[in-house]
Each structure stands twice: as structure tokens, then as C-alpha cells.
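The next block holds one structure in the form of C-alpha cells; read it before the comments.
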Amino acid sequence: MTNYVNIKSFPHGLKVFLDEKATFDELLNEIVIKFKDSEKFFKNTKIAITFEGRTLTDSEERQIIGAIVSACDIQITCIVGKDQETEHTFLKAVTQMAYEEAQNTGQFYKGTLKDGQLLETEKSIVILGDVYPNASIISKKNIVILGGLYGEAYAGADGANHFIIALDMAPQKLRIGDFRGQLTEKQNRWLIKPKHVPKIAYVKDNRIVFEDIKFTEELLNALVF
């Protein structure tokens with residue numbers, strides 16, 4: 001077998017090193033083989049994952065995640081960036097979500113919500129995909145979107161103040177508890193941009209604020225789980 005893909009563990013999950021000289025199809029095939037070979041080791045585990053060695057597009061990341069999930073019984077709770085602050089904040093959110101799932105209060109959804117689709121849950125939810133324009137996600141608790149939020153999201157439908165995280169935050173409508181918010185950035189929401197900055201939306205001082213993902217005590221204290 002070629003050695004285009006190397007998998008190493010780190011304290012919060014796995015590092016997957018990808019050979020920049022290999023084609024994407026070669027990488028994808030080897031990823032499937034290596035994760036299938038390790039299926040017993042990863043069985044029923046929940047991990048964060050980071051990719052190194054080459055730059056991946058959003059589409060390529062999603063294809064790889066889908067291939068890994070299909071190859072073995074594993075739950076990828078987060079794609080971690082190299083930036084330490086981003087990593088800490090994501091890992092805190094993912095840890096909480098994993099805990100909630102263990103308590104039967106959280107769930108995962110693999111796939112993209114397209115025009116006109118509605119996903120409604122009483123649990124916190126991690127979406128492995130995008131929420132397209134005119135699609136909606138409603139959760140009584142927290143929402144973490146490992147993709148783009150371009151449609152509508154409503155968290156904290158139980159009346160409490162929770163949070164919404166997205167790798168690309170450009171919602172048509174966003175609501176947390178009794179508060180409604182909208183990004184003020186001037187942008188074409190539905191065009192693919194060369195670089196996405198993960199954002200979190202949460203309630204502070206009776207209004208929804210949007211912040212780039214970063215690890216600060218003030219931010220973490222503002223999150224109501």
C-alpha cells in the first residue's frame with residue numbers, strides 16, 4: 001500500500017497527515033482502507049479530527065469526513081484547526097455535545113439541509129454539512145454546524161439561552177431563545193469565499209452577539225449549556 005495518509009493520535013482526537021503530492025482520489029481511497037483496517041480500534045468512539053499536509057476545500061473535507069464515517073463506526077464531533085484558540089473553543093463545545101449525547105440529550109445529523117427542508121429536534125445537535133438558503137434548523141438547545149449556515153437557525157427553543165456555531169456564518173435568520181440577531185457584515189452570503197472564519201452566536205446583555213471562534217473566559221462564561 002502507498003503511504004499517502006498517516007494517522008496519529010493527539011490528546012483530543014486524531015491528526016490525519018495527507019500527502020500534498022497525491023491526487024485527491026488517491027487520498028480518499030487510502031483513507032477508506034486505513035480506517036476500515038482500524039475499525040475495531042475506533043468502534044463507537046467520538047473524536048475531534050485535524051487534517052495536515054495539504055490545504056483542503058470545504059467540499060474535500062466533507063468528502064473525507066463522509067468516507068471515514070462510512071468506513072468505520074466512528075463519530076467525528078469536530079474538525080479542529082491548527083490555531084490553539086480555535087481548538088480550545090471547539091473542543092469545549094464538542095465535549096459538551098458528547099456529554100449531552102451520552103445523557104441522551106444530543107444528536108448528530110450527517111448531510112446538508114437544502115431549500116425548503118426543516119430539521120427540528122428537542123436535543124442539541126451537530127450537523128455534518130451545510131444549511132442552505134431557505135432551509136431551517138430548530139433545536140431546543142445548542143446547534144453546531146460543521147459547514148455553512150446560509151438558511152435559518154433557531155436555538156434555545158426551550159426558552160433558555162444557548163448558542164449556535166458554524167464554520168461559515170451567514171444566516172438568513174437567526175434566533176436564540178427570545179432574541180433575534182443578524183450579522184452586519186456586508187457580504188454575498190451564498191458565494192463560496194476563499195477563507196471562512198468560524199463564528200459563534202450567543203446571547204450577551206440581552207442581545208445576540210457574533211464572534212470569531214476564540215478561547216476567552218468571558219466568552220465561555222457567556223455560554224449557557
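Under the simplified labelling scheme, the Val69-Thr23 pair shows an inter-label distance of 2.7 nm, with each label point 7 Å from Cα along Cα→Cβ. Spin-label pair Ile33-Leu119: with each label point 7 Å from Cα along the Cα-Cβ axis, the two points sit 3.2 nm from one another.
In this calculation the C-beta distance from Arg207 to Asp158 is compared with R0 = 22 Å, giving a FRET efficiency of 0.70.
The Phe41 and Gln107 beta-carbon pair, evaluated with R₀ = 22 Å, returns a calculated FRET efficiency of approximately 0.35.
Listed from fewest to most Cβ neighbours within 10 Å, the set Phe210, Phe41 follows the order Phe41, Phe210.
Projected label points at Gln182 and Ile7, each 7 Å from Cα along the beta carbon direction, are separated by 4.5 nanometres.
Each value in this text was obtained by applying a stated rule to the coordinates, not by laboratory testing. Everything numeric here is computed off the predicted structure, so don't read it as measured data. Ideal geometry is used to build each Cβ from the backbone, glycine not excepted, and the neighbour counts take in all protein chains shown.
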